[in-house]
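The values are calculated or read from the model by the stated rules, or taken from the named source; none is laboratory data. Since this is a predicted model, take the numbers as computed values, not measurements. Here the Cβ positions follow ideal geometry from the backbone for every residue, glycine too, while neighbour counts run over all protein chains shown.
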Amino acid sequence: MTAPSTNASSATTHPQKKDGIWILGISGYYHDSAACIIQDGHIIVAAQEERFSRKKHDARFPFHAITCCLQEANITLSDVETIAFYEKPFLKFERLLETYLSFAPKGLLSFWQAMPVWLKEKLFLKNRLTKELGKFGPLQGHGPLPPLSFSEHHESHAASAFYPSPYERAAILCMDGVGEWATTSVWTGNNHSITPLWEIPFPHSLGLLYSAFTYYTGFKVNSGEYKVMGLAPYGQPKYTKHIKDHLIDIKPDGTFRLNMEYFNFCTGLTMTNHKFDKLFGGPPRTPESTLTQREMDLARSVQEVTEEIMLQIGETIHRETGMEYLCMAGGVALNCVGNGRLLREGPFKGIWIQPAAGDAGGAVGAALQAYHHMLGHPRTCHAPHDSMRGSYLGPAFSNEAIEQFLGTVDASYTRYADDDFFETVAKALAEGKIVGWFQGRMEFGPRALGGRSILGDPRNPTMQSVMNLKIKHRESFRPFAPAVLRERVAEYFELDTDSPYMLLVAPVVKHRRIPQAPHSENLWGIELLNQARSDIPAVTHLDYSARVQTVHEDTNPRYYRLLQTFEKHTGCAVLVNTSFNVRGEPIVCSPEDAYRCFMRTEMDLLVLENCVLIKSDQKAWEEETDWKQEFTLD
Ligand SMILES: [Fe+2]
């Protein structure tokens with residue numbers, strides 16, 4: 001890996017520059033555009049563009065996210081030392097060009113479709129970024145744009161995994177679809193530097209193998225991968241051997257090569273080809289058609305292969321680096337089932353995973369790499385705490401701003417003082433009400449963590465299907481995640497470590513499980529879902545696993561207090577937590593987004609900071625068009 005390049009010629013300091021070294025990090029133009037601002041190496045604010053534009057996985061220039069970041073940090077671009085972009089467009093272009101050439105004349109159609117976009121927009125990214133950034137402050141008579149710097153894609157992932165982690169030294173594993181060339185990269189992190197060790201280049205990619213099965217099972221690539229993971233426990237690993245015999249050659253050290261005869265992503269517009277269809281006995285599932293046991297078996301099989309590789313590579317990295325701790329980022333690091341196994345069965349004492357493990361997190365990584373590597377500043381490690389602030393890095397709204405908004409829509413609400421507030425909401429949850437919970441700063445990364453969440457009672461056996469079908473309007477097989485008081489986690493799950501970002505899956509403890517009735521053996525696929533599997537059935541998956549979020553008093557005191565009050569009333573220190581949105585919609589950002597989502601669905605209560613709205617008290621909700629058409633299904 002090379003050092004980030006910098007355009008030093010345009011470096012000019014604004015006369016009234018704010019104290020501190022401010023860096024703006026940007027990711028974008030592929031998927032999940034995002035921006036962040038760091039001050040003296042501390043992450044101040046970070047947000048994804050989709051939350052503002054209301055277009056899921058929005059890949060456009062993150063204009064709104066940058067605007068939000070500048071506002072939250074209370075600076076203008078003229079205060080910024082450097083603007084760090086998360087990948088190097090020329091290297092990416094080189095990879096595209098070489099790939100097309102090595103497969104030519106195959107892939108000509110895809111080549112001709114991609115080239116105009118590349119030539120017009122991506123290859124001249126620096127010019128384009130300069131033009132877009134010109135819309136912000138410094139150009140209004142306050143001097144030139146701060147210099148731009150560029151990190152490689154995996155360098156940004158690795159930086160986002162290590163620098164905010166609670167470790168002084170650690171091994172780093174990045175796995176995703178692809179950036180420029182690398183699809184898997186291994187690094188070591190030491191105080192304020194990261195050093196590359198080795199990488200696996202495109203087209204050999206675990207992320208793309210998983211995406212190929214996402215496509216083949218009828219889900220959306222770069223979005224539906226976690227559905228495949230959720231579907232896996234319903235299936236049998238019938239195709240694992242097939243995958244290993246034909247699609248991927250896994251070496252004893254966990255490194256791998258794909259057999260490109262079965263894939264289409266280098267040359268075509270799809271992930272898989274006819275040979276792949278033949279191997280698995282038919283064409284890809286049509287999106288939104290009925291799921292069958294075959295898709296479940298395929299999901300289970302590719303999940304098993306993924307876990308095997310993660311475990312083997314984990315062993316290799318541990319042996320090669322001698323490091324006790326591991327940091328992870330890249331889209332594959334969102335595979336929390338694999339992460340959970342790596343933690344339980346792997347050689348590391350601890351694992352820290354960047355909560356924005358996908359490309360949005362690249363904005364944070366690029367900014368931190370510019371600060372530590374390019375500018376040479378030291379890093380302060382705050383072990384045992386990480387420096388992501390619970391990932392509550394987005395905008396917040398005061399009670400006053402919320403009340404002002406509620407007045408504009410003529411909403412009926414009560415603003416409670418804190419003590420009454422927590423009692424009211426906890427009691428509603430205990431009565432089986434479903435609560436839209438909006439408070440504090442918005443989460444950065446794909447998970448809702450109690451800032452923009454929908455909450456429910458996990459003891460309620462119908463909660464999972466009600467939330468899925470009436471609130472989220474999504475497939476009924478999808479599991480929900482438990483949020484649990486950190487101090488109580490081991491009483492519910494076979495886990496006694498921090499998992500604040502919902503990136504570890506762990507089994508429900510044995511004494512809470514409910515043995516399955518003999519007749520359940522005759523049930524099939526999704527029918528199995530309706531069988532309660534523990535005393536917290538709404539968050540217990542088919543295999544007794546749960547995607548655990550530990551809730552911490554220091555990072556989210558109000559969420560923590562709600563759980564405490566709920567426990568006081570019910571004896572249960574767990575809540576169901578799912579993201580505050582409907583299917584296909586980005587997680588809500590503003591009070592307006594939350595109110596709209598509340599009114600469109602069958603949520604019972606909406607909490608906006610201390611203001612509580614009861615659905616039955618609101619006037620009828622009418623829209624001229626069918627709002628479900630607004631969001632492309634994910
Ligand atoms: Fe990536």
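Of the residues that make up region 48-68, is at least one at pLDDT 95 or above, over 19 Å from T130 (Cα atoms) and aliphatic (A, V, I, L, M)? No, that holds for no residue.
For the criterion of being surrounded by fewer than 21 Cβ atoms within 10 Å (Cβ to Cβ), among the acidic types (D, E) and out of contact with any strand residue (DSSP E or B) (no Cβ under 7 Å at 6 or more places or on another chain), D58 fails. Would you check if F566 is within 15 Å of K472 (Cα to Cα) and not in a strand (DSSP E or B)? It is false that F566 is within 15 Å of K472 (Cα to Cα) and not in a strand (DSSP E or B).
Tell me yes or no: at least one residue of region 539-555 is in a helix (DSSP H, G or I) and either under 20 Å from the mean Cα position of the chain (by Cα) or at pLDDT 90 or above (or both).
Just the residues of region 539-555 that are in a helix (DSSP H, G or I), to begin with: 539.
When the remaining residues are screened for being either under 20 Å from the mean Cα position of the chain (by Cα) or at pLDDT 90 or above (or both), the result is 539.
The answer is yes, given that some residue of region 539-555 is in a helix (DSSP H, G or I) and either under 20 Å from the mean Cα position of the chain (by Cα) or at pLDDT 90 or above (or both).
Can you tell me which residue within region 162-187, out of those that are closer than 19 Å to N339 by Cβ and among the aromatic types (F, W, Y), is farthest from the ligand (Cβ to nearest atom)? Break it down into steps so the answer makes sense when it comes.
Applying the first criterion (closer than 19 Å to N339 by Cβ) to region 162-187 yields 162, 164-167, 170-177, 183-187.
Right, trim to among the aromatic types (F, W, Y) and you get 162, 167, 187.
Numbers: F162: 15, Y167: 22, W187: 14 Å.
Ranking the candidates gives Y167 first.
Set side by side, the residues A159, A212 differ, and just one is away from the ligand (no atom under 15 Å from the Cβ) and either modelled with pLDDT of 95 or more or of a type in the set (G, A, S) (or both), which is A212.
Report, by residue number, each residue of region 361-384 that is closer than 22 Å to N556 by Cα and outside any helix (DSSP H, G or I). C381, H382, A383, P384, listed by residue number.
Have a look at F438, F480 and point out the one that is within 23 Å of L613 (Cα to Cα) and touching a residue at least 24 places away in the same chain (Cβ under 8 Å). Break it down stepwise before answering.
Details: F480 fails: within 23 Å of L613 (Cα to Cα).
Matching residue, one of F438, F480: F438.
Check whether at least one residue in region 505-524 is of a type in the set (F, W, Y), in contact with a Pro (Cβ under 9 Å, 6 or more places away or on another chain) and either at pLDDT 90 or above or part of a loop (DSSP other than H, G, I, E, B) (or both), and report yes or no. Don't jump to the end; show me each part of the working.
From region 505-524, those of a type in the set (F, W, Y) are 524; that's our starting set.
Subset that is in contact with a Pro (Cβ under 9 Å, 6 or more places away or on another chain): none.
No, every residue in region 505-524 fails to be of a type in the set (F, W, Y), in contact with a Pro (Cβ under 9 Å, 6 or more places away or on another chain) and either at pLDDT 90 or above or part of a loop (DSSP other than H, G, I, E, B) (or both).
Of all the residues in region 586-608, those that are closer than 18 Å to F444 by Cβ and either of a type in the set (V, I, T) or part of a loop (DSSP other than H, G, I, E, B) (or both) number 5. Counted as qualifying within region 186-261 are the strands (runs of 3 or more DSSP E) with 3 or more residues that are aliphatic (A, V, I, L, M), namely 193-201. Residue count for region 598-629 under the criterion of being touching a residue at least 24 places away in the same chain (Cβ under 8 Å) and in contact with a helix residue (DSSP H, G or I) (Cβ under 9 Å, 6 or more places away or on another chain): the result is 19. Taking region 398-412 as the range and being in contact with a Cys (Cβ under 7 Å, 6 or more places away or on another chain) and farther than 17 Å from C589 by Cβ as the test, the residues that pass are N399, E403.
If you go through region 341-360 and keep only what is away from the ligand (no atom under 16 Å from the Cβ) and either assigned to a helix (DSSP H, G or I) or crowded, with 22+ Cβ neighbours inside 10 Å (or both), you end up with R341, L342, L343, R344, E345, I351, W352. Looking across F219, F276, F213, F256, one residue alone is surrounded by 21 or more Cβ atoms within 10 Å (Cβ to Cβ), touching a residue at least 40 places away in the same chain (Cβ under 8 Å) and in contact with a strand residue (DSSP E or B) (Cβ under 6 Å, 6 or more places away or on another chain). It is F256. Just one of the numbered conditions (1) at pLDDT 90 or above; (2) surrounded by fewer than 20 Cβ atoms within 10 Å (Cβ to Cβ); (3) part of a loop (DSSP other than H, G, I, E, B); (4) basic (K, R) is not true of R474: (1).
Can you tell me which residues in region 28-47 are surrounded by 23 or more Cβ atoms within 10 Å (Cβ to Cβ) and either modelled with pLDDT under 95 or under 15 Å from the mean Cα position of the chain (by Cα) (or both)? Residues satisfying the conditions are G28, D32, S33, A34, A35, A46, A47. The residue list S412, S387 contains one member that is touching an Asp or Glu at 6+ places or on another chain (Cβ under 7 Å), over 21 Å from L562 (Cα atoms) and part of a loop (DSSP other than H, G, I, E, B), which is S412. When K227, K244, K220 are screened for being farther than 27 Å from F480 by Cβ and among the basic types (K, R), only K244 passes.
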